[in-house]
Amino acid sequence: MRRILLVAPLFLLSGAAMVLLAPGGLGDPRPRVVTEGPSAAAYRGMAGRAGELPGWLHTPGEYAAAAGLLVLAGLLARVGWLGWRRHRTSGALGVLLVGVGTVLAYLVSEGVKLVVDQERPCRAFADVSTWVACPPVGDWSFPSNHATLAGGLAAGLVLLAPRLWYLAVPMAGAVAALRVATGVHYPHDVLAGLLLGATASAALLIALRPAPTSPTAPRPAPGH
């Protein structure tokens, strides 16, 4: 019960932040088009400068965010493998919980997209040159799925293996920033995604992960 009480404020704070970051859309069938405000201005600056880079950088940049997710997933898998190998049930189960939390966060992000109906910035700012083709109409922008996955994986790594924070946190930030630089998301999209993913992973770990236990010491050989 105490763990659930710890998780409840986490969900409340995260939900309030998501509401503040969202551009609206609840109950309004019209797509939300964001062209003003600090997030729109930041998008213009980041995506505009990225679009001016040499063309040969565009293709690697397009796939760099997916590569970052693979790195985070690989680090998490390694943590789980080491936990299993060393017979640390808490660590191995924690990795499983992070995976479940990240998937749940992704599904929630898909649902939020259908509620908010925010148009992609690459369609709202047709004059900004982007690295990739704009996703089709109806593929909404808020929140970012890539950032949601990155937030879930990174938060899980920080909680399960704190020594890896210097890899996990910058990698998640890079994934989020690249989604803005490629022109397919606003900064508030990726912030919401990071928050959603991190909250889901942290909540499951806090609520369900068993207490860590030390590996069983080897028994002494007979006659000693």
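The values are calculated or read from the model by the stated rules, or taken from the named source; none is laboratory data. The structure displayed is predicted, hence computed values, not measured ones. Don't worry about glycine lacking a Cβ; one is built from the backbone with ideal geometry, like all the others, and counts go over all protein chains shown. Ligands, DNA and RNA are excluded from the accessible area calculation, which covers all protein heavy atoms including side chains. Shrake-Rupley method; radii C 1.70, N 1.55, O 1.52, S 1.80 Å.
Inspect all residues belonging to region 96-116 and state whether any of them is among the basic types (Lys, Arg) and over 20 Å from residue 15 (Cβ atoms). Give the steps one after another, and end with the answer.
Just the residues of region 96-116 that are among the basic types (Lys, Arg), to begin with: 113.
Keeping just the survivors that are over 20 Å from residue 15 (Cβ atoms) gives none.
Checking region 96-116: not a single residue is among the basic types (Lys, Arg) and over 20 Å from residue 15 (Cβ atoms).
Under 7 Å between Cβ atoms, which residue pairs at least 6 apart in sequence (or on different chains) link something in region 155-179 that is under 18 Å from residue 203 (Cα atoms) and free of Cβ contacts under 8 Å to residues at least 40 places away in the same chain with a partner that is part of a helix (DSSP H, G or I) and open to solvent by 60 Å² or more (accessible area, probe 1.4 Å)?
Every condition considered, the pairs that remain are 158/165; 158/169.
Quick one: in region 50-61, of everything that is part of a helix (DSSP H, G or I), of a type in the set (A, V, I, L, M, F, W, C) and open to solvent by 40 Å² or more (accessible area, probe 1.4 Å), which residue is nearest to residue 179 (Cα to Cα)? Give the derivation first.
Keep residues of region 50-61 that are part of a helix (DSSP H, G or I), which gives 50-51, 55-61.
In the following step, the residues that additionally are of a type in the set (A, V, I, L, M, F, W, C) were identified as 50, 56-57.
Narrowing further to those that are open to solvent by 40 Å² or more (accessible area, probe 1.4 Å): 56-57.
Values: 56: 18, 57: 15 Å.
Result: 57.
Looking at 47, 41 in this structure, which one is surrounded by fewer than 15 Cβ atoms within 10 Å (Cβ to Cβ) and out of contact with any Leu (no Cβ under 9 Å at 6 or more places or on another chain)?
Values: 47 fails: surrounded by fewer than 15 Cβ atoms within 10 Å (Cβ to Cβ).
Exactly one of 47, 41 is surrounded by fewer than 15 Cβ atoms within 10 Å (Cβ to Cβ) and out of contact with any Leu (no Cβ under 9 Å at 6 or more places or on another chain), namely 41.
Is there any pair linking a residue in region 62-85 that is modelled with pLDDT under 90 and surrounded by 14 or more Cβ atoms within 10 Å (Cβ to Cβ) to one that is of a type in the set (S, T, N, Q) and not in a helix (DSSP H, G or I), with Cβ under 7 Å and at least six apart or on different chains, and which?
Matching pairs, first to second residue: 62/182.
Under 6 Å by Cβ, and 6 or more places apart or on different chains, what pairs join a residue from region 107-128 that is among the hydroxyl-bearing types (Ser, Thr, Tyr) with one that is surrounded by 20 or more Cβ atoms within 10 Å (Cβ to Cβ) and outside any helix (DSSP H, G or I)?
If the second residue must be surrounded by 20 or more Cβ atoms within 10 Å (Cβ to Cβ) and outside any helix (DSSP H, G or I), the pairs left are 109/143.
Just to check your reading of the model, which residue among 157, 194 is open to solvent by less than 50 Å² (accessible area, probe 1.4 Å), of a type in the set (A, V, I, L, M) and over 23 Å from residue 50 (Cα atoms)? First the steps, then the outcome.
Details: 194 fails: over 23 Å from residue 50 (Cα atoms).
One residue alone meets the criteria, 157.
I'd like the full set of residues that are of a type in the set (Ser, Thr, Tyr) and touching a helix residue (DSSP H, G or I) at 6+ places or on another chain (Cβ under 9 Å), limited to region 140-178. Reasoning before the result, please.
Taking region 140-178 first, the residues of a type in the set (Ser, Thr, Tyr) are 141, 144, 148, 166.
Correct list: 141, 144, 148.
If residue 105 passes every condition in (1) within 27 Å of residue 33 (Cβ to Cβ); (2) open to solvent by 80 Å² or more (accessible area, probe 1.4 Å); (3) in contact with a Gly (Cβ under 9 Å, 6 or more places away or on another chain); (4) hydrophobic (A, V, I, L, M, F, W, C) but one, which one does it miss?
If we test residue 105 against (1) within 27 Å of residue 33 (Cβ to Cβ); (2) open to solvent by 80 Å² or more (accessible area, probe 1.4 Å); (3) in contact with a Gly (Cβ under 9 Å, 6 or more places away or on another chain); (4) hydrophobic (A, V, I, L, M, F, W, C), just (2) comes out false.
Return the total of residues in region 1-27 being at pLDDT 80 or above, of a type in the set (Gly, Ala, Ser) and either in a loop (DSSP other than H, G, I, E, B) or loosely packed, with under 10 Cβ neighbours inside 10 Å (or both).
Residues meeting the conditions: 1.
How about region 113-224: which helices (runs of 4 or more DSSP H) wholly inside it have at least 1 residues that are more than 18 Å from residue 21 (Cβ to Cβ), among the hydrophobic types (A, V, I, L, M, F, W, C) and modelled with pLDDT of 95 or more? Can you show your working first?
On the way: elements: 121-124, 145-160, 165-181, 187-208.
By residue number, 145-160, 165-181.
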